[in-house]
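This report concerns only the one structure given below.
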Amino acid sequence: MKEDKIKKLTKKYKEGQSDLNEEQVLFNNTERLDSSLEIWSTFVKHNKIETPSNFNDELWESFQNKTNKKRKIFVSVVSVAASIILLISLFTLRSEQQKQSYYEKEALLHLAQNMVSNSATFEVQQHTIYENDMVIIYTTTEH
């Protein structure tokens, strides 16, 4: 029965369907294996390396560092993009607010023309109060 079990484990191992426990049983019973598997099992036994006790913690920490770096880069890129979009939207809104329509410009022009034409109708009289080489002081009256 033991020989039959070893043959089944050998077949599973060669097909790549064995788990770690089955491989351990197979390599512990090397005297019953064929020569090629016996050589391989002695190689595995002599070159087996123990995993460090904190291996999982080190792996988890390295994953966290990589994800944190990626997250920081992502957050900075998104922040820069949001800032650029905000600046562009403010610039376009401000430029649209400063633009006047044709009718608004025409109304302002007529208002300015009326101001100039109304001031031309007034006569300004000047009365000199004091005068010397450097200073002239005078008053005006509008009619």
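Looking at Tyr103, is it modelled with pLDDT of 80 or more and in contact with a strand residue (DSSP E or B) (Cβ under 8 Å, 6 or more places away or on another chain)? Give the steps one after another, and end with the answer.
Numbers: modelled with pLDDT of 80 or more: yes; in contact with a strand residue (DSSP E or B) (Cβ under 8 Å, 6 or more places away or on another chain): no.
So Tyr103 fails the test.
For region 1-15, enumerate the residues that are within 13 Å of Phe27 (Cβ to Cβ) and among the hydrophobic types (A, V, I, L, M, F, W, C). Can you show your working first?
Looking only at region 1-15, we keep the residues that are within 13 Å of Phe27 (Cβ to Cβ), and these are 6, 9-10, 13.
Ile6, Leu9, listed by residue number.
If I filter region 24-45 for residues that are assigned to a helix (DSSP H, G or I), modelled with pLDDT of 80 or more and open to solvent by 100 Å² or more (accessible area, probe 1.4 Å), do I get at least one hit? No - not one qualifying residue is present in region 24-45. Does region 56-74 include one or more residues that are surrounded by 10 or more Cβ atoms within 10 Å (Cβ to Cβ), assigned to a helix (DSSP H, G or I) and touching a Lys or Arg at 6+ places or on another chain (Cβ under 6 Å)? No, region 56-74 contains no residue that is surrounded by 10 or more Cβ atoms within 10 Å (Cβ to Cβ), assigned to a helix (DSSP H, G or I) and touching a Lys or Arg at 6+ places or on another chain (Cβ under 6 Å). Checking each residue in region 106-139 for being part of a loop (DSSP other than H, G, I, E, B) and at pLDDT 75 or above picks out Asn132, Asp133, Met134, Val135. Among the residues of region 2-13, those that are surrounded by 10 or more Cβ atoms within 10 Å (Cβ to Cβ) and either among the acidic types (Asp, Glu) or at pLDDT below 80 (or both) comprise Lys5, Ile6, Lys7, Leu9, Thr10, Tyr13.
The values are calculated or read from the model by the stated rules, or taken from the named source; none is laboratory data. Because the structure is a prediction, the values reported are computed rather than measured. We place every Cβ from the backbone using ideal geometry, glycine too, and count neighbours over all the protein chains shown. Areas reflect the complete protein model, heavy atoms only, side chains present, ligands, DNA and RNA absent. Shrake-Rupley method; radii C 1.70, N 1.55, O 1.52, S 1.80 Å.
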